[in-house]
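Taking it in order: structure first as structure tokens, then the write-up.
A short reminder: the numbers here are calculations on the coordinates, not readings from a lab. If you're wondering where the values come from, they're calculated on a predicted model, not measured in any experiment. All Cβ positions, even for glycine, are placed from backbone atoms using ideal geometry, and neighbour counts span all protein chains on display.
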Amino acid sequence: MKKDYYAILGVPRNADLDTIKQAYRRLALQYHPDRNPGNREAEERFKEISEAYEVLSDPEKRRQYDLFGVVSSAPPPSADPFTQVVEEVFETFFGTGRRRTARPQAVRGEDIRLPLELTLEEIATGLTKEVEYLREMRCEVCGGTGSAQGTVPSTCTTCGGSGQVAYRIGGGFFEQVIYQTCPECKGRGFRIISPCSACEGKGVRARMHRQLVEVPPGATGGMTLALRGAGHMGPWGGPPGDLLLEVREKPHPIFIREEYNLLYEAWVSYPDLVLGTTLTIPLLNDEKLTLSLSPGTLSGEVFRFTGKGLPHYNSRKRGDLLVQVHVWVPKRISSEDKKLLELMRQSSAFQPTPKKSEKSFLRRFREFFQK
Ligand SMILES: [Zn+2]
Ligand SMILES: [Zn+2]
């Protein structure tokens, strides 16, 4: 007979995984045999809930169940799904996972997050930068032990130095041994009898620290560069955290960046467009490029220099440099210039007669970026 797993968990048929998980946790805690000793009904209900969860939490099994009403494939022999779901319940219950091996936990230092401002020039070439920050480092007074001079920490009597305490829960089929971080020593396995006064027993103190950072080319805004082990040092000799550098980009005075492409706007006079000219285009690395405009170049035309943009991160590829030509329109002109322009205006050669093929600048510009 087909069981309605959705009804068992009390979720709608279109419930997402989070909803299913939440419903399962709530019910599993309610009907867990440890909470209902000797109650056969609760035990049956718990098994049913676990079975429903096992199917509905697995996209493939859920699809099969939705289609055929049954799940044909047997669970993989290596993993016992029942043990797995029970473990999950305990995780919810105690906030810790089950640990089969008990050993003191080294306390890892915390990560440090810093903003890292880069110019486009720095992004183009990569660089070695020195950053300075407040970092918790080994206390020089106690040498990182946290104990005052001449004293030694004592083994934690609550956990016997293992850092964890064990609880036995349930009985028979449901018996479980639960390991929890020792509440007395917080998992360290020892207690400091007389704390170092300089670091208050933590073994680390905050000091200004200078760190050289290798910034690879192409590290762009929004990226986080992680420097393993350059974060706060762990107390009592624990491993250090990481230094996380959040890259921010300084706006550039002349280039606009569009992913790995650079856009440069070249302003030219109207005669330059009509007669043709040669432009000098600056690059980020102080080099220069020459752009020849042929007579009759349109204002808004875009020229592409392949590979002259920004480098891709961790790759040899480079973006392009796009130069868009704009006609410069003066705000004030002399009376002689005005006369000249009046003559031009009357000449038939200067009347706009665009052909269909001469697409709007905006459209051509978009096409360039879509390539
Ligand atoms: Zn100290
Ligand atoms: Zn302990």
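Annotation for Thr278 and Arg63: the two label points, set 7 Å from Cα along the Cα-Cβ direction, are 6.4 nm apart. Among Ile49, Ile178, the order by Cβ neighbours within 10 angstrom, fewest to most, reads Ile178, Ile49.
On the beta carbon distance between Leu134 and Gln346, with R0 = 51 Å, the FRET formula returns roughly 0.10. Taking amide H positions as modeled 1.01 Å from N, with prolines and chain starts lacking one, the residues under 5 Å from Leu116 and 5 or more places away or on another chain are Glu246, Val247, Arg248.
The slack between Leu289 and Asn36, meaning 0.36 nm per residue of separation minus the straight C-alpha distance, is 83.0 nm. Summing charges over all other residues whose Cβ lies under 15 Å from the Cβ of Val152, with Lys and Arg as +1 and Asp and Glu as -1, gives +2. Taking every C-alpha pair closer than 8 Å and separated by at least 6 residues, the mean separation divided by the residue count of region 112-249 gives a relative contact order of 38 percent.
If the segment from Leu114 to Lys250 were pulled out straight at 0.36 nm per residue, it would be longer than the present Cα-Cα gap by 47.4 nm. Under 5 Å from the amide H of Glu110 lie the amide H atoms of His232, Gly241, each residue being 5 or more positions distant or on a separate chain, with H modelled from the backbone and absent for Pro and chain starts.
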